[in-house]
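Enquirer: Below you will find the structure I want to go over with you.
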Amino acid sequence: MLKTGLQVLVVDDEWKITDLLEDYISSLGYRVTATTNSKEALKLAQQSKFDIVITDLKMPEPDGLQLLSAIKQIHPSTEVVILTAFGSMESAIEALKLDASDYLLKPINLELLKISLERIAKKRALEEENISLRKRVREGCRIGELTGISSQILEIQQIIRRAAQSDSTVLISGESGTGKELVARTIHETSARRDGPFVPVNCGAIVETLLESELFGHVKGAFSGATRDNIGLFRTADGGTIFLDEITEISPSLQVKLLRVLEEGRIRPVGASKQIPIDVRVIAASNRSIDEALKDGSFRKDLYYRLNVIPINVPPLRERKEDIPILAEQFLEILNSQSKRQVKEISVKAMEALLSYNWPGNVRELRNVIERSFVLGTGESITLGDLPPELRAHEVKTPDTIPTLVESERSLIRRVLQKSRNKTEAAKLLGIDRTTLYRKIKKHGLAIS
């Protein structure tokens with residue numbers, strides 16, 4: 001007996017057929033639910049996820065094709081097999097367009113049904129194996145939360161591993177949203193300082209007159225409003241790492257003081273007479289071109305040389321699009337772990353749109369898009385329709401997305417030939433005579449053997 005564990009829903013308005021199929025499919029090792037009411041079947045599909053649905057074509061509304069369409073809307077990965085005593089090329093093509101997995105004629109050939117179910121079971125097993133493989137691949141190309149398979153990210157990961165073995169200063173460059181803070185945090189978390197604090201500071205977000213006090217601290221009475229001592233962010237980061245983002249935004253006078261801190265390992269709080277030793281690793285970053293800042297004189301060369309011991313450039317997402325599927329799936333995993341709602345996958349068309357978009361906001365924008373689609377979507381997959389309008393405009397247009405009538409006929413005949421013992425049986429399954437079958441085989445250039 002085949003031990004698949006797959007759940008099968010059988011729908012036919014004739015109870016004799018549902019009883020027969022329920023007993024037979026159960027004997028093959030599947031878990032089976034059967035109903036003679038298509039409306040009840042739709043309710044069951046809304047309440048539970050079935051791996052396979054076997055439904056009659058001709059039933060009171062919703063009929064088999066309507067049920068197929070509705071179930072695919074709810075659970076796109078559910079495999080649907082259509083049964084009918086009224087076989088026609090038109091209905092078969094329509095079923096295939098709606099993504100039916102198979103189309104079997106009545107009276108039901110149980111052996112063919114078994115073959116169809118086994119094929120679906122093998123496909124599902126392969127999909128599960130692929131999911132597991134992708135997870136192992138992601139884990140293998142991840143340091144902390146820094147994930148990717150592009151050559152640029154793999155090179156950055158190698159630099160991080162080496163940088164983590166020292167206390168040298170690091171200067172990270174890259175556009176806004178590329179993940180510079182994540183790189184800095186990953187260096188910290190993989191270094192010997194991992195048990196110490198990681199203190200991020202956005203130098204561009206703090207008023208220039210207050211930045212020195214925020215970084216180095218101040219003593220009581222150092223300036224108007226200084227009613228008590230403040231140890232500052234460098235001392236807060238003692239034993240750990242301080243991350244100075246937007247480093248090119250600090251004033252020339254503060255650049256001189258920061259250079260002295262890097263060279264001496266000491267800070268002088270505002271208003272203090274004595275210096276205080278600190279044990280802090282400094283990682284800095286900028287989304288502005290540092291070369292331009294050096295050329296226009298707004299950033300000191302001596303400070304640049306002191307910071308740029310280990311340079312890391314984080315490329316924009318548009319230059320490493322092979323990382324998009326892994327990043328998107330990672331964000332989806334995080335959202336699933338934080339929510340009662342579970343989204344299984346990102347549809348092929350949605351992923352194609354993600355890959356074709358230019359991502360001016362880089363990884364930050366990608367994360368925002370995945371979260372938005374997760375929150376506003378309703379199905380078990382993120383579909384193209386769940387994406388923001390600007391991404392839907394980047395849908396990849398493929399002329400053969402919906403097959404032509406000729407293509408569908410050729411595909412159907414090939415599938416029937418592959419599973420039939422001979423041409424007579426194939427002709428019977430297709431509802432045509434042998435002469436017509438041979439004519440169509442020749443028309444479509446299919447192998448006659």
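Taken together, the values in this text are just the output of simple stated rules run on the coordinates, not laboratory data. Since we're looking at a predicted model, the values are computed, not measured. Every residue, glycine among them, receives a Cβ derived from its backbone with ideal geometry; neighbour counts consider all protein chains shown.
Enquirer: Once Lys and Arg get +1 and Asp and Glu get -1 on their Cβ, which of LEU105, PRO316, LEU254 lies farthest toward the positive end of the dipole of the chain?
Expert: Checking the options against the dipole of the chain, the answer is LEU105.
Enquirer: Only four residue types carry charge here, +1 at the Cβ of Lys and Arg and -1 at the Cβ of Asp and Glu. Report the dipole size of segment 318-392 about the Cα centre in Debye, rounded to the nearest 20. Intermediate values should be presented prior to the final figure.
Expert: On the way: 11 positive and 12 negative charges, 36 e Å.
Charge dipole, segment 318-392, about its Cα centre: 180 debye, nearest 20.
Enquirer: Roughly speaking, what is the stretch gain from GLN66 to GLU333, that is 0.36 nm per residue apart minus the C-alpha to C-alpha distance, in nm to one decimal?
Expert: Working: separation 267, 0.36 × 267 = 96.12 nm, distance 3.23 nm.
Stretched fully, the GLN66-GLU333 segment lengthens by 92.9 nm.
Enquirer: Quick one, can you get me the convex hull of the C-alpha atoms of segment 1-140 expressed as volume per residue in Å³?
Expert: 111
Enquirer: Once you put a point 7 Å from the Cα of SER356 and another 7 Å from the Cα of TYR438, both along the Cβ direction, what distance in nm separates them?
Expert: 4.5
Enquirer: Can you compute the FRET efficiency between GLN275 and GLU181 using 1/(1 + (r/R0)^6), with r the Cβ-Cβ distance and R0 = 35 Å? Round to the nearest 0.05.
Expert: With R0 = 35 Å, the Cβ-Cβ based efficiency is 0.75.
Enquirer: Apply 1/(1 + (r/R0)^6) to the Cβ-Cβ distance of GLU319 and VAL375, taking R0 = 30 Å, and write down the FRET efficiency to the nearest 0.05.
Expert: 0.55
Enquirer: Quick one: of the DSSP bridges fully inside the chain, what percent are antiparallel, nearest 5?
Expert: 10
Enquirer: I've got another one for you. Please list the non-local residues whose amide H lies under 5 Å from the amide H of ASN313, H modeled 1.01 Å from N, same-chain partners needing a gap of 5 or more.
Expert: Distant-sequence amide H within range of ASN313: SER173.
Enquirer: Counting DSSP beta bridges with both partners in segment 148-315, what percentage is antiparallel, nearest 5?
Expert: In segment 148-315, approximately 15 percent of DSSP beta bridges are antiparallel ones.
Enquirer: Mind checking the full-extension length gain between LYS301 and ALA205? Use 0.36 nm per residue of separation minus the Cα-Cα distance, one decimal, nm.
Expert: So the extension gain works out to 32.3 nm.
Enquirer: If you place +1 on the Cβ of every Lys and Arg, -1 on the Cβ of every Asp and Glu, and leave all else neutral, what size is the dipole of the chain about its Cα centre, to the nearest 20 Debye?
Expert: 880
Enquirer: Over the chain, what relative contact order in percent results from Cα pairs under 8 Å that are six or more residues apart?
Expert: That works out to 13 percent.
Enquirer: Take the residue pairs LYS49/LYS114; LYS321/LYS344; LYS97/LYS349; LYS72/LYS123 and return only those whose Cα atoms are more than 24 Å apart.
Expert: Pairs exceeding the cut-off: none.
Enquirer: Convert 10 °C to kelvin, take the viscosity as 1.306 mPa s, use the Kirkwood radius over C-alpha pairs of segment 318-392 as Rh, and evaluate the Stokes-Einstein diffusion coefficient in µm²/s, rounded to a whole number.
Expert: Rounded, D is 130 µm²/s.
Enquirer: About the Cα centre of segment 148-315, how large is the charge dipole given +1 on each Lys and Arg Cβ and -1 on each Asp and Glu Cβ? Please answer in debye to the nearest 20.
Expert: Its charge dipole is roughly 460 debye.
Enquirer: With θ set to phi - 60°, apply the Karplus curve 6.51 cos²θ - 1.76 cosθ + 1.60 along segment 270-284 and write out the HN-Hα couplings as whole Hz, x wherever there is a Gly or Pro.
Expert: 4, x, 8, 9, 10, 8, 10, x, 10, 10, 9, 8, 10, 10, 10
Enquirer: Once you have the alpha carbon radius of gyration of the chain, what is it after dividing by 2.2 N^0.38 Å, with N set to its residue count?
Expert: Ratio of Cα Rg to 2.2 N^0.38 Å: 1.41.
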